[in-house]
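The values are calculated or read from the model by the stated rules, or taken from the named source; none is laboratory data. Remember, it's a predicted structure, so these values are computed and weren't measured experimentally. Positions of Cβ are generated from backbone atoms using ideal geometry, with glycine treated the same way; all protein chains shown enter the neighbour counts. To get the accessible areas, we keep the full protein, side chains included, count just its heavy atoms, and leave off ligands, DNA and RNA. Shrake-Rupley method; radii C 1.70, N 1.55, O 1.52, S 1.80 Å.
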Amino acid sequence: VTDVTSESPTTVPAASSFRRRRVREALTGYAFVLPAVALFGVMGVYTVGYGFALSLARWNGFTPNWTWVGFSNYLDLLYRDPILAPETRSDGIRTLVVVLVVPALTVLGGFPLAVALNRIRFLRSMFRTVFFLPYVTAGIAVFYAWTYVLQPTGSLNYLLRHLGLGSLAQPQGFLGNPTTALPTLIVVMVWGAIPVAMILYLTGLQAIDSSVIDAARTDGASGFRIMTAVMWPLLRPITAAVILLNMREALQGFQIFLIMTNGGPGGHTEVLGLEAYNLAFFNGLKPTLGLSSALGWMLFVVALLLAGVNLRVLRSRV
Amino acid sequence: MTASILSGTRTEPGERAARVAHAHGSSGRVARVVTYLLLTVYAVISLYPFALMVSGALKDDKEILLDGHLIPHNPTLSTLNRTWNELDFLRYFGNSLVVTGATTLGVLVVYSLAGYAFGVLRFPGRRPLYGLFLSLLFVPGITVLLPIVILQQKLGILGTQLGIILPFINGTAPLSILLLSNSFRSVPTELRESARCDGAGELRTFFSIYLPTCRPALVTIALLTAIPTWNEYVLTRVSLNDTSTFTLPIALQNLNSTVSPQENVLMAASLIIVLPVIILFVLLQRYFVNGLQGAVKG
């Protein structure tokens, strides 16, 4: 607001004409943001406010009036309701597993792949394109393809049997067996998350000063040592970003669970996001819409806390 | 890589440097083989479900029931043909094009204007408003899913394509505003000053200088909008209920739940969904990768 000099190259204009320009610029600014603000007011602010109000009420979506219940939806989910609370707890544990394991495996896979890609020149862009396909196609089509691969008569069982690893094959299918269903979904999630992690690490690697690597090499460090002792610490901010992105996604995303198992078999892949979705859309006439909303907001708070912790860790190490 | 190591160390005098260079000559080759091996193995893993998608789509009704072999014995295009014509995927493809096209166009218009205002113009309340838009990034989709459906109902657009296009546009607001305002801000202000001296108004400056200069950012935003919109499933599923309005992902899900699901038909339909995205990505991936990096840096 203070830099007047850069705003007016001429020295002549009177203060009034300058102020007129200021007012015009401000009015233009408002006109330019108007469509975005209007849309945001209706689709953003209204829905967020409505969602929060709903979390304080009991409603089935059909009766004309809400019953206000204060924070009891939150308390019911957390400990009070004898049916809901245990369900939330077991779904919460599964969600926690996903939130911890998916980011960890994504880093473990994405980092070495990026280092490998960064070492080569020949075929690099081809590899990068291939590695990126899971990300751009993410959605129901790819999840169906995985379901097809993982079913009892699917390709994975076929491959395992033909490679002499028949003992690892799953006659019920990898998603049909309660013990393998969740780990299998986690692997598919990691498969979908590695592309972005890899691209981010690759960007970071290209920004590392090559003299640092050369110095380490002259000192006789092996490629593996360079990767773990030089590159890894330098790329910590990227690791933090990758973990944050994937934690948020793992906490709130439920699409893959909805499409591939819908919580089955026997609730063994039921997670909090899916629980919230089912409470909102598949509970018939039961007044569970407020519960769904409350669960969503609790996920929001956890996501904010995670983001805060992650930022602190990131700041303290840079 | 090996060449650069050798040339880097060769310039250094002394026995030690020479020994290092020699050691890397042989172990470097091994490392290269290991590197390419690792990359190839992951490329296979990356492509695995796509390979089976193509394989399944090319199998006939009998062969699909056998087992998960990759190469079809009698590859046929009849399943794809049936899916496209008899199962109406031509229409769903059109619907997806309409929804994706309208959303992308809407995003480009609404947020290039807003991005210009936030990045270039000065007006009271600019910063808090900007912060408000970005805060939307943290709200989980599930908390607004139901309110959006209720809002659609109140506005009388539940079940219409407009009903999903509007929230889709708004959903991209944080990222679009972030990327576009950064991009507009990086345009040298001299260009703006000289346009003003030539008597150009704000709109002229915006259209004839800022939009052309920031074309790469606009392409990036178009891609980052179009691809997730093309694939979107959850909101579409709870919003649309008339088959004539279905987009491809919902049509695929519908195929799975109503007809007794034939895996070859499901894979053919899946292929119809992913193929356009893959082609678009391969052609424009430069913009896509830049955008992702910019989004995380910003």
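Around the amide H of residue A:57, modelled in the peptide plane, lie the amide H atoms of A:69, all under 5 Å away and 5 or more residues distant in sequence or on another chain.
Taking a straight Cα-Cα cut-off under 17 Å and skipping sequence neighbours fewer than 8 places away in the same chain, the aspartates and glutamates within cross-link reach of residue B:62 are B:263. Heavy atoms of the protein chains alone define the surface here; on that basis segment A:122-267 has 40 Å² accessible area per residue at 1.4 Å probe size. Size descriptors for the protein assembly as shown: radius of gyration and Dmax over Cα atoms are 27.0, 88 Å. The candidates A:275, A:249, arranged from most to least accessible area with a 1.4 Å probe in the full protein assembly, appear as A:249, A:275.
Please work out whether chain A counts as rounded, prolate or oblate from its C-alpha gyration tensor, where a ≥ b ≥ c are the square roots of the eigenvalues and a/c under 1.5 means rounded, while otherwise a/b larger than b/c means prolate and anything else oblate? Note, shape of chain A comes out oblate. Calculated mean residue ellipticity, 222 nm, the protein assembly as shown: -23000 deg cm²/dmol, from DSSP H runs (n ≥ 4) at -39500 (n - 2.57) each, averaged per residue and rounded to 500. Altogether, the Stokes-Einstein calculation at 10 °C and 1.306 mPa s, with the Kirkwood radius of segment A:132-215 over Cα pairs as Rh, returns a diffusion coefficient of 105 µm²/s.
Report, to one decimal in Å, the Kirkwood hydrodynamic radius for segment A:58-112 based on all distinct Cα pairs.
Result for segment A:58-112 stands at 14.1 Å.
Atom-type composition of the exposed protein surface of the protein assembly as shown places 66 percent of the accessible area on carbon and sulfur (1.4 angstrom probe). In order along segment B:236-247, the Karplus-derived 3J(HN,Hα) couplings, from 6.51 cos²θ - 1.76 cosθ + 1.60 at θ = phi - 60°, round to 4, 4, 8, 9, 9, 9, 9, 4, 5, 9, 4, 8 Hz, and Gly and Pro are given as x. In terms of its C-alpha gyration tensor, segment B:110-187 comes out prolate, because a/c is 1.5 or above and the ratio a/b outweighs b/c.
Largest to smallest in accessible area, the residues B:79, B:245 fall in the order B:245, B:79 (1.4 Å probe, all protein chains included). Hydrodynamic estimate: the Kirkwood radius of segment B:36-194 over Cα pairs, inserted into Stokes-Einstein at 20 °C and 1.002 mPa s, corresponds to D of 105 µm²/s. If you take the square roots of the eigenvalues of the alpha-carbon gyration tensor of chain B and sort them as a ≥ b ≥ c, do you get rounded (a/c under 1.5), prolate (a/b over b/c) or oblate? Oblate, because a/c is 1.5 or more while a/b does not exceed b/c.
Couplings 3J(HN,Hα) of segment B:34-44, computed from phi: 4, 4, 5, 5, 4, 5, 5, 4, 6, 4, 5 Hz, in residue order, whole Hz [Karplus 6.51 cos²θ - 1.76 cosθ + 1.60, θ = phi - 60°; x for Gly and Pro]. A simple rule links phi to the HN-Hα coupling: the Karplus curve 6.51 cos²θ - 1.76 cosθ + 1.60 with θ = phi - 60°, which for segment B:56-70 gives x, 5, 8, 7, 8, 4, 7, 5, 5, 7, 5, 7, x, 5, 7 Hz, with x for Gly and Pro. A dipole drawn for chain A from +1 and -1 charges on Cβ atoms has a positive end, and of A:250, A:78, A:292 the residue lying farthest that way is A:250.
Using a 1.4 angstrom probe, figure out how much accessible area segment B:176-261 has per residue, in square angstrom, rounded to the nearest whole.
42
Volume of the convex hull of segment A:25-88 (Cα atoms only), normalised per residue: 139 Å³. When chain A is treated as a GNM with alpha-carbon contacts under 10 Å, the residue of A:194, A:259, A:83 showing the greatest mean-square fluctuation is A:83.
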